[in-house]
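Structure first, commentary second.
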Amino acid sequence: MKKVHIKSFGCQMNVYDGQRMADILAGQGYEETATPEGADLILLNTCHIRDRAVQKVYTELGKLRDLKNGQNATGQDTRIVVAGCVAQAEGAEIQRRQPAVDLVVGPQAYHRLPALLDEARRRRVVDTDLPIDDKFGHLPAPKPAAIRGRGISAFVTIQEGCDKFCAFCVVPYTRGAEFSRPVAAIVSEIERLAEAGVQDVTLIGQNVNAYHGDGPDGAVWSLARLMHRVAEVPGVTRIRYTTSHPRDMDDDLIAAHRDLPQVMPFLHLPVQAGSDRILAAMNRKHTADEYRRLIERVRAARPDIALSSDFIVGFPGESDADFAETLRLVEDIGFASSYSFKYSPRPGTPAADLGDQVAPELMSERLHRLQERIEHHRQAFNHAMVGRTVDVLLERVGRHPGQLAGKSPYLQAVQIEARANQIGDMVKVVIERAGSNSLFGREAGPEGLAA
Ligand code: 5AD
Ligand code: SF4
């Protein structure tokens, strides 16, 4: 067997794409290996969302060049592939900056990997064709053993690309226009995963709640309708979806949080900023109060729902008063967790050409203040769990011998004392303590009471 090492950067869709590339390469006689050393094929699945993510790729490529040269000097035929969004955005520029790269393949072209790898034996190759000529229709299904090796939680891409064009964001350019996979293809993929033991499914897409896929009845299905169907797949006990846009949260989707026990009480709904002026400049197409009202509706349907968001500080033109509005929104909503970033100008996006860029020190200071408040609310949310009994799906061995780790319905990591053969069990856990990154508890008695 030849060996392939796949390293994914960035979002969950890259994790999914990395697995699908592994499935393709398995058919070409490659098995996965956890380290680049000794691999015949090294594949970086890259992220272009912020400049730092891009720099990381080039740094990594420098190290891999040395590894490749060293291995090939001893007679091996090591090759380097750059896939993902940097591949899409930079194309041949990658091989100009790092000639050790044999193949550059974009996110909508990786189903052609076998032919591209063949061609890359003769010359350097770049394939960044964007139209999604149903890449998904060409991807081989993973083998049951591969699914089992990946655990009982799985990501499934149901939607790709984005038509929202937020002024800061490269996604519409790197992933292309919005595309929804047909319902039947998604359901059969999830059935296959569930047959191999997957219980926890996260439906992913850059703008997942804009999902509008062809249904088996000839109608166009919404995300809510799709989730009702996914909830019928035997073995699927938990369903999540990410990432959503506030403008696409329709009534049916909100109702699904109330009506479907499999849909977890967790919603990642990025707001980005709390000032209407900045939201307008970002082309987010909603105001801060519209977001607040939306959250009220979601909470009315599912009062215990945990919310999370992404924030950008230092978008061009952001004043102290604008930033104060972001802090106010954070206090008003009380997010269970959130990601926050300094604005990073991305070439080709409208915001990159705006004047009035915020000074880096001011951005750092705002990020620090924001993260302090986000952390405060995260800790408050986690501490409020102490004494409660929650369902935990045990996923893997824990940090210490005799411990297993799993997730609460609210996407918190939970550690309990349990036997290794309990992986895959849904257990009732009494939460005893909230650490900084995990909750700790013990299995409750059979009636769900503390034993
Ligand atoms: N600069 C900083 N953060 C960004 N994001 C997207 N584009 C940029 C950018 N140019 C953040 C947004 C998005 C998350 C995935 O990354 O918050 O929701
Ligand atoms: Fe980017 Fe999300 Fe805006 Fe689409 S909705 S442009 S993926 S930030």
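We did not get these values from a lab; they are worked out from the coordinates using the rules stated. Since we're looking at a predicted model, the values are computed, not measured. Heads up, the Cβs are rebuilt from the backbone with ideal geometry, glycines too, and the neighbour counts pull from every protein chain shown.
Mean separation of Cα pairs under 8 Å and 6 or more residues apart, divided by the residue count, gives region 207-277 a relative contact order of 32 percent. Net charge dipole, region 224-365: roughly 680 debye, given to the nearest 20, about the Cα centre with Cβ charges of +1 for Lys and Arg and -1 for Asp and Glu. Taking the Cα centre of the chain as reference, the dipole from Cβ charges on Lys and Arg (+1) and Asp and Glu (-1) amounts to some 960 debye. Counting only lysines at least 8 places from LYS68 when in the same chain, those with an alpha carbon closer than 24 Å to its own are LYS2, LYS3, LYS7, LYS56. Kindly identify region 1-116 as rounded, prolate or oblate by the Cα gyration tensor criterion: order the square roots of the eigenvalues as a ≥ b ≥ c, call it rounded if a/c is under 1.5, otherwise compare a/b with b/c, prolate if a/b is larger, else oblate. Oblate, because a/c is 1.5 or more while a/b does not exceed b/c. Peptides 372-383, 166-177 ordered by packing proxy, namely the average of other Cβ atoms within 10 Å per residue, highest first: 166-177, 372-383. Computed over region 49-176, relative contact order equals 21 percent, with contacts defined as Cα pairs under 8 Å that lie 6+ residues apart.
Cysteines in the chain lacking any other cysteine Cβ under 4.7 Å from their own Cβ: CYS11, CYS47, CYS85, CYS162. When the inverse distances between all different Cα atoms of the chain are averaged and flipped, the Kirkwood radius reads 23.4 angstrom. For a straight C-alpha distance cut-off of 13 angstrom, the aspartates and glutamates reachable from LYS428 (same-chain residues fewer than eight places away being disregarded) are ASP391, GLU417, GLU443, GLU447. Annotation: amide H of ALA444 within the under-5 Å range of LYS428, VAL429, VAL430, sequence separation 5 or more or interchain, hydrogens built in the peptide plane. Sort region 318-434 into rounded, prolate or oblate with this rule: let a ≥ b ≥ c be the square roots of the eigenvalues of the Cα gyration tensor; rounded if a/c is under 1.5, and if a/c is not under 1.5, prolate when a/b is larger than b/c, oblate otherwise. Verdict is prolate for region 318-434. Straight Cα distances below 16 angstrom link LYS285 to the lysines LYS164, with same-chain residues fewer than 8 positions distant left out.
When you restrict to C-alpha pairs under 8 Å that are six or more residues apart and normalise by the size of the chain, the relative contact order lands at 9 percent.
Here the dipole of region 163-295 is about 480 debye; that uses its Cα centre as origin and unit charges on the Cβ of Lys and Arg (positive) and Asp and Glu (negative). Once the Kirkwood radius over Cα pairs is known for region 67-177, the Stokes-Einstein relation at 25 °C and 0.890 mPa s delivers a diffusion coefficient of 153 µm²/s. Taking amide H atoms as placed 1.01 Å from N in the peptide plane, the amide H of ARG433 lies under 5 Å from those of PHE440, each 5 or more residues away in sequence or on another chain.
Could you rank the peptides 211-217, 265-271, 397-403 by their average count of other C-beta atoms within 10 Å per residue, with the highest value first?
265-271, 211-217, 397-403
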